[in-house]
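K.L.:
The structure's right below; bear with me while I get my questions together.
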Amino acid sequence: MAVFSKRSIVAAAAMTSAMLVALTGCGSTGASNTNASVSAGSSTITVWADADHTATLKSVAAEFTKKTGVKVKLVQKDMGSIEQDMITQIPAGKGPDVAIGPNDWTGLLATDGVIQPIELGNMKSAYQKVAIDAFNYNGNIYGLPYSVENVALIRNTQLAPNAPSSWDDMATTATAAKTKYPYLLQVGSQGDSYTMYPVQTSFGSFVFGQNSDGSYNAKKLTVGDANGLAFAKWVQTQAKAGNLSTSMTADIALSKFEQGQSPYIITGPWNISAIQKAGIKIAVDPIPSAGGQAAKPFVGVNGFFLSAKSKNKLAATNFLTTYIGSEKVQQALFKSGGVPSALTKAYNAEAQSDSVIQGFKKAGENGVPMPNITQMSSVWQYLNAAEVSIINNQGDSSTLWNNMADSIKSSIAKQS
Amino acid sequence: MIQHDSSPSRKDIRKKKQANRVASQASTRIGTMLIKIVLLGLVDALSAYSAFMLAEQGNWIILSIVVATTIVVNWIYFRRDGLVAKYLTPGLIFLLIFQLFAICYSTYIAFTDYGTGHNSTKEQAISSLIQSSQRRVQGSASYKISIVECGKTLNFLVTMPHGEAQIGSEKTPLHEVASATKDDAGQAVSTPGCSTLSFNDLLSRQDEVTSMRVPMSADSQDGTLKTADGQTALVYKSLLKYDAAKDIMINTQTRVRYYDTGVGAFTSKGGSRLSPGWQINVGISNFRQVFTSQEMRGPFLQVLVWTIEFSVISVASTFVLGLLLALVFNNSRMKGRAVYRSILILPYAFPAFLSALVWQGLLNEKFGYINQVLLHGVDIPWLESPALAKIAVLIVNLWLGFPYMFLVSMGALQSIPKDLSEAAELDGANAWQIFRLIKFPLLLVSIAPLLISSFAMNFNNFNLIYMLTNGGPINANTNMNVGSTDILISMVYKIAFVGADRNYGLASAFSIIIFIVVAVVSAIGFRASRSLEELN
């Protein structure tokens, strides 16, 4: 018995080693292959993008590979998982060279050291100023912008032939048109202070103060001032009148508008194609003021980040600045995503032939860039919660609003 | 490669023959032996492959574990004796990989400050800090450059704004070059004694080229040239300088010094920290925070109590309803049982997260089917009021969970011998007595372990909470992002992955606590069910 088991071990060991040899052979040829290809000038950059943009990027990548010999590995990912996966994978030496994302990720990704500044040099001036500002974090530009978006007032031209002159004018028009709602403003069970922000700013209430260069100052929290309280009171009145409700989710608001149950909806360019498909004739206007001052929506910017640990920085930068930053590609991304371009030249061309884009442009002209500082996430959390509890009438609007301001203050103090 | 292949193949055949001979000598069951060798060969090939991958990454610890495991596996299966080990090994290995590893890793993370601003090593934090502290000198020009290799050093061949050519490397600041060839656009492209790198050459040396800093002059205040694309260079000054000998970070403008004070970030005397920092071991501070921090203890206890309520009520309600239906359907007098049974199992057949989303729509206060149609247009704030939201969660979980209990109770009831209840009937017992004294105790023997596992499952029922309420409604008065229907696992998710202050260390500490609670409850439960078994 013992003899057999020893012999069989020898046999197995021989076979294993034969396999090992074979594998080593494969392994080494594999390695020498990649070496050879690198010296022939074909390294690979990995690009993470969401489903809406991969198709367009595929053709961009093909062109890039043809011109430079650099291969592009395009990975389609869920937008919701890109940020977290970058944070966990890049420090481990994995993850993408280039990844798509909105500008409000900038602060967190830079704080975690997973992205690096992109040097645009003199190309900076070719982009809309707000697009560059949006990716400015601590004085560095961390993203190559490709689209700029903000909410506006979408008007059903059959129910309301003219743009409203004031917030209350919307109610008058709606009564005349006999619609159920004077306006549609999505809230949802989790709150939506982003969509409501233009109304808030029309009361002169802002979240943070801004520095002279346009960047946000987290130390100057202004949300709890008297203007904020006036806005809170307005929210409660509107909720009591049935105009604001946490039952009004984004989907429901959109479908009510498509059914013609209101002449107005406040939403962004991402919903336009659905509305037009439903056969509604629309015009896009600036949001009227509810509180007497100009309504300033958040201007969100989408772009591409460059990994801090990219081994192909040169190729990746080249891909971003000369390809993604070209007029042709920006327009193609606009066509697939429906959100206008960040590159001024492309944007102007898109706006020229499209009254909807012009409308969004006008509505966003006095908009403020979406904050990219990490402190903003505490703001979203508490601001949303406060608006939800005010709308659900769970207390005095001033008390709830002041509690929220205190919570944000203490949460920011904890972070720094 | 070709040579490689042909010569061992003959050797291989010889080896195989030898192996066959050995096998046939000792045993008549060559087939079994062959299958065994093939399977083990596959396992060995897989581990050899992963060993090479790991060696390439320099991951020596995992590499040694893989090699050791492979050797042990081979030893176990080529031994004649040790039958028990042969049965247990695969299960044990999977247990190691999928359970123990995850538990050990979470435990390790629970003792670190891994989270936002502390998510890598000190080395990487330093390189990130330096990388992001480069500031372009305001108003400086952008320079056209060619990258040339002179001897063994890379140089920037720079075309100055006035058209003259200068050259410089990391060691030697920019200086006039004796002669340079220019292209049609007037850009200097080559110089004698140096070879110009083509775009392809640049691509293969990207790291080297993009990390080059060429001083503008001998005075460091003039800044350094840096390129991101290999074609243009810009003038930068670094805001931060790292002194490796003293391990300090210095702000070059304000002269503030930042020290490694053991908190996982460079910290100045005044207490301000540079971010990113790095991951450090923080001992039991995460656990201490859970139990002692004022603002965390309250929400934690509130969530813990609700989690236990939620899982106990869910198990009880689904079990009672499932058992009741099983009893009804177990009655042979009932007609069309097969049809009803398949309808009842439907909730179990839908993916739970989908059902939760559908329920969210149904429970919408103003537009939902339940309020609008079933209750004729009342406004019940199902998901808006803290108390109602809890009830809604329990109702939806009852709907999702009863088919499972129905199925297992049905099976258990059918396995109880009929003659037992017939005998009881003869003795004059009524239906309730038969159920309470005979069927139910027998049923519990086989179902009690399932109830325990159902408790453990509901304790971590993340899908339902996340999809139905996302923990809401949020309590506007606490400082933590915790709502009234949040259970522990959804709270852990929020701590780890929501917002900008993500704390994986704290989240792992919470996971360990969850693990302990579930383990203790299960242990007690299993012990109790064993005593049940002994009773019968």
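The values are calculated or read from the model by the stated rules, or taken from the named source; none is laboratory data. Because the structure is predicted, anything quoted here is derived from the model rather than measured. Neighbour counts are summed over all protein chains in view; Cβ atoms, including those assigned to glycine, are modelled from backbone coordinates with ideal geometry. For the accessible areas, the whole protein counts, side chains as well, though only heavy atoms, and no ligand, DNA or RNA atoms are used. Shrake-Rupley method; radii C 1.70, N 1.55, O 1.52, S 1.80 Å.
K.L.:
Run the numbers for B:Ile93 and B:Lys269: contour at 0.36 nm per residue of separation, minus the present Cα-Cα distance, in nm.
P.N.:
58.3 nm
K.L.:
Can you compute 3J(HN,Hα) from phi for each residue in region B:66-80, using the Karplus curve 6.51 cos²θ - 1.76 cosθ + 1.60 with θ = phi - 60°, rounded to whole Hz and x for Gly and Pro?
P.N.:
Listing the rounded values in order: 4, 4, 4, 4, 4, 4, 4, 4, 4, 4, 4, 7, 9, 6, 7 Hz.
K.L.:
Right, another one. With every protein chain present, what is the per residue accessible area of region B:292-535 (1.4 Å probe, Å²)?
P.N.:
Ligands and nucleic acids excluded, the result is 49 Å² per residue.
K.L.:
Let me ask something additional. Considering only protein heavy atoms, with the full assembly of protein chains and a 1.4 angstrom probe, order B:His376, B:His118 by accessible area, largest first.
P.N.:
Result, largest first: B:His376, B:His118.
K.L.:
Modelled label-to-label distance, B:Glu164 and A:Ser410, 7 Å Cα→beta-carbon offset: nm?
P.N.:
6.6 nm
K.L.:
Considering only DSSP beta bridges whose two residues both sit in chain A, what percent are antiparallel, to the nearest 5?
P.N.:
Counting DSSP beta bridges with both partners in chain A, the antiparallel share is about 70 percent.
K.L.:
Assign one of three labels to chain A, namely rounded, prolate or oblate, based on the Cα gyration tensor with a ≥ b ≥ c the square roots of its eigenvalues; rounded applies when a/c is under 1.5, prolate when it is not and a/b is larger than b/c, and oblate otherwise.
P.N.:
Because a/c hits 1.5 or more and a/b exceeds b/c, chain A counts as prolate.
K.L.:
Would you kindly derive the ³J(HN,Hα) couplings of region B:326-342 from the backbone phi angles with the Karplus curve 6.51 cos²θ - 1.76 cosθ + 1.60 (θ = phi - 60°), listing them in order in whole Hz, with x for Gly and Pro?
P.N.:
With the stated coefficients, region B:326-342 comes to 5, 4, 4, 6, 7, 6, 5, 6, 6, 9, x, 4, 4, 5, 4, 4, 5 Hz.
K.L.:
Another question, if that's okay. For the pair A and B, how large is the buried accessible area, both sides, in square angstrom to the nearest 100, if the probe is 1.4 Å?
P.N.:
Rounded to the nearest hundred, the buried surface is 6100 Å².
K.L.:
Here's a follow-up. Please compute, for peptide A:246-254, the average count of beta-carbon atoms on other protein chains lying within 10 Å of each residue's beta-carbon.
P.N.:
Average per residue, whole number: 4.
K.L.:
Per residue in region B:483-502, which ones lose no less than 50 Å² of accessible surface when going from chain alone to all protein chains (1.4 Å probe)?
P.N.:
B:Ala500, B:Arg502
K.L.:
If Lys and Arg each add +1 and Asp and Glu each add -1, what is the summed charge of the other residues whose beta carbon sits under 12 Å from the beta carbon of A:Val151?
P.N.:
Its environment carries a net charge of -2.
K.L.:
Taking the alpha-carbon centroid of each part, what is the distance from region A:96-153 to region B:285-320 in angstrom?
P.N.:
41 Å
K.L.:
In nm, to one decimal, how far is the modelled label at A:Ser165 from the one at B:Thr69, with both set 7 Å along Cα→Cβ?
P.N.:
Those two pseudo-labels are separated by 7.6 nm.
K.L.:
Then there is this: What part of the accessible area of region B:482-536, given as a whole %, is carbon or sulfur when the probe is 1.4 angstrom?
P.N.:
67 percent
K.L.:
Near the amide H of B:Val482, under 5 Å away, which other amide H atoms are found, from residues 5 or more places off or on another chain, if H is placed in the peptide plane?
P.N.:
Here B:Asn475 satisfy the definition.
K.L.:
Still on this structure: Looking at B:Asn200, B:Leu83, A:Ala290, which one has the Cα that reaches farthest to the positive end of the dipole of the protein assembly as shown (charges on Cβ: Lys, Arg +1; Asp, Glu -1)?
P.N.:
It is B:Leu83.
K.L.:
If you don't mind, another one. Which of the aspartates and glutamates could a cross-linker bridge to B:Lys439, judged by Cα under 18 Å and excluding same-chain residues fewer than eight apart?
P.N.:
Partners found: B:Asp419, B:Glu422, B:Glu425, B:Asp427, B:Glu533, B:Glu534.
K.L.:
If you don't mind, there's one more thing I want to ask. So if R0 is 30 Å, what FRET efficiency would B:Phe497 and B:Ser522 give, r being the distance between their Cβ atoms, rounded to the nearest 0.05?
P.N.:
Between B:Phe497 and B:Ser522 the formula returns 0.65.
K.L.:
Taking θ as phi - 60°, what are the ³J(HN,Hα) couplings along region B:94-99 by the Karplus curve (6.51, -1.76, 1.60), each to the nearest whole Hz, with x for Gly and Pro?
P.N.:
The phi angles translate into 5, 4, 4, 5, 8, 9 Hz.
K.L.:
Given a Förster distance of 41 angstrom, what is the FRET efficiency for A:Gln210 paired with B:Phe462, based on the Cβ-Cβ distance and rounded to 0.05?
P.N.:
For R0 = 41 Å, the calculated efficiency reads 0.55.
K.L.:
Residues with beta-carbon under 9 Å from that of A:Gly209, excluding A:Gly209: net charge, scoring Lys, Arg +1 and Asp, Glu -1?
P.N.:
+2
K.L.:
Here's a follow-up. Can you give the charge dipole size of region B:134-238 about its Cα centre, rounded to the nearest 20 debye, using +1 on the beta carbon of Lys and Arg and -1 on the beta carbon of Asp and Glu?
P.N.:
Rounded to the nearest 20 debye, it is 300 debye.
K.L.:
Based on the Cβ-Cβ distance of A:Ser289 and A:Ala62, what FRET efficiency does E = 1/(1 + (r/R0)^6) give at R0 = 60 Å, to the nearest 0.05?
P.N.:
That pair, A:Ser289 with A:Ala62, gives E of 0.80.
K.L.:
Straight distance only, please: which lysines reach the Cα of A:Lys58 with their own Cα at less than 19 Å, same-chain residues fewer than 8 apart left out?
P.N.:
Result set, ordered by chain and number: A:Lys66, A:Lys67, A:Lys71, A:Lys73, A:Lys77, A:Lys328, A:Lys335.
K.L.:
To make sure I understand the rule: partners must be lysines, Cα under 19 Å from the Cα of A:Lys219, and not fewer than 8 residues away in the same chain. Which ones qualify?
P.N.:
Filter leaves A:Lys409, A:Lys414.
K.L.:
For A:105-115, what's the mean count of beta carbons from other chains sitting within 10 Å of each residue's beta carbon?
P.N.:
5
K.L.:
Quick one: which residues, 5+ away or cross-chain, put their amide H under 5 Å from the amide H of A:Asp112? H built at 1.01 Å from N.
P.N.:
Amide H to amide H, under 5 Å and 5 or more residues apart or across chains, A:Asp112 pairs with B:Gly117.
K.L.:
Separate question: Can you give me the Cα centroid spacing of region A:344-416 and region B:334-393 in angstrom?
P.N.:
Comparing the Cα centres of region A:344-416 and region B:334-393, I get a distance of 33 Å.
K.L.:
Can you give me the long-range amide H partners of B:Ile487? Hydrogens built in the peptide plane at 1.01 Å from N, cutoff under 5 Å, separation of 5 or more residues or another chain.
P.N.:
none
K.L.:
Charges at C-beta only: +1 for Lys and Arg, -1 for Asp and Glu. How large is the resulting dipole of chain B about its Cα centre, in Debye rounded to 20?
P.N.:
1500 debye
K.L.:
Got a sec? Charge dipole of the protein assembly as shown, +1 on Cβ for Lys and Arg, -1 for Asp and Glu; which of B:Ala523, B:Pro215, B:His376 is way out at the positive end?
P.N.:
Value: B:Ala523.
K.L.:
While we're here: Heavy-atom accessible area of B:Ile434 with all protein chains present, probe 1.4 Å, nearest 10 Å²?
P.N.:
Result for B:Ile434: roughly 20 Å² accessible.
K.L.:
Among B:Leu327, B:Ile145, A:Ala134, which residue has its Cα furthest toward the positive end of the charge dipole of the protein assembly as shown, with +1 on Lys/Arg Cβ and -1 on Asp/Glu Cβ?
P.N.:
B:Leu327
K.L.:
Does any residue of region B:28-44 lose at least 10 Å² of accessible area with all protein chains in place compared with its chain alone, and if so which ones (probe 1.4 Å)?
P.N.:
Residues passing the criterion (a loss of at least 10 Å², heavy atoms only) are B:Met33, B:Ile37, B:Gly41, B:Asp44.
K.L.:
Moving to a separate point now. Compute, for A:Asp168, the solvent-accessible surface of its heavy atoms (probe 1.4 Å) with the complete set of protein chains present, and express it in square angstrom to the nearest 10.
P.N.:
110 Å²
K.L.:
Rank these residues by their accessible area, most exposed first, probe 1.4 Å: A:Thr111, B:Thr261.
P.N.:
Order by accessible area, largest first: B:Thr261, A:Thr111.
K.L.:
Using a 10 Å cut-off around each Cβ of peptide A:182-192, what is the average number of partner chain Cβ atoms that fall inside?
P.N.:
2
K.L.:
Taking 0.36 nm per intervening residue step and subtracting the Cα-Cα distance, what contour gain separates B:Ser211 from B:Met53 on full extension?
P.N.:
54.1 nm
K.L.:
What is the list of residues in region A:225-247 whose amide nitrogen lies under 19 Å from a point 7 angstrom out from the Cα of A:Ala177, following Cα to Cβ?
P.N.:
A:242-245
K.L.:
Find out how many positive minus negative residues lie around A:Ser247, taking Lys and Arg as positive, Asp and Glu as negative, among other residues whose Cβ is under 10 Å from that of A:Ser247.
P.N.:
-2
K.L.:
Let's see if you can work this out: charge +1 on each Lys and Arg Cβ, -1 on each Asp and Glu Cβ, no other charges. What is the dipole magnitude of the protein assembly as shown about its Cα centre, in debye to the nearest 20?
P.N.:
So the magnitude is around 2520 debye.
K.L.:
Can I ask one more? Quote to one decimal, in nm, the extra length available between B:Thr254 and B:Lys366 on full extension: 0.36 nm per residue of separation minus the C-alpha distance between them.
P.N.:
Extending this stretch completely gives an extra 34.5 nm.
K.L.:
What distance in nm lies between label points placed 7 Å from Cα along the C-beta direction at A:Ala278 and B:Ser531?
P.N.:
Modelled inter-label distance: 6.2 nm.
K.L.:
To continue, here is another question. Report, to two decimal places, the Cα Rg of region B:292-535 normalised by 2.2 N^0.38 Å (N = number of residues).
P.N.:
1.18
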